[in-house]
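Handing you this structure, nothing more for now.
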Amino acid sequence: MFRLGGDLQVYLHREPIDFRAGINSLAVLVQETMALDPFTPAVFAFCNRRCDRMKLLFFDRSGFVLVLKRLTEDKFRWPRRQGGGRHADDRAIALDP
């Protein structure tokens, strides 16, 4: 069992990913693309191109946890990157509970 604190940061990877990616690939994506540390107490969220699946990656005290959520009849509302510039908020968005 794992618990996520109420003050936990959630970061969205805005571009769709290949859902064959596993824990190691996603951790590298967090480091290289998002310029964040995958070992921080945060959740990193990834979505597929159809926006019907989401993967959550986070590190607890014993290792990485990967959660997959698949919607059967709806889609996630996922923000897409607008324009070519890179701003701090383009890397991640903190979600409100």
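Please work out the FRET efficiency for the pair Asp74 and Arg49, using the Cβ-Cβ distance as r and a Förster radius of 22 Å; give the result to the nearest 0.05. The partial results should precede the final answer.
Working: r = 16 Å, r/R0 = 0.71.
Taking R0 as 22 Å, the efficiency between Asp74 and Arg49 is 0.90.
A follow-up question, please. If you scale each eigenvalue of the Cα gyration tensor by 5 and take the root, what three semi-axes come out for the range 9-91, rounded to whole angstrom and sorted largest first?
19, 18, 11
No lab work stands behind these numbers, since they all come straight from the coordinates. This is a predicted model, so every value here is computed, not measured. A quick note on method: Cβ atoms are made from the backbone with ideal geometry, for glycine too, and the neighbour counts reach across all protein chains shown.
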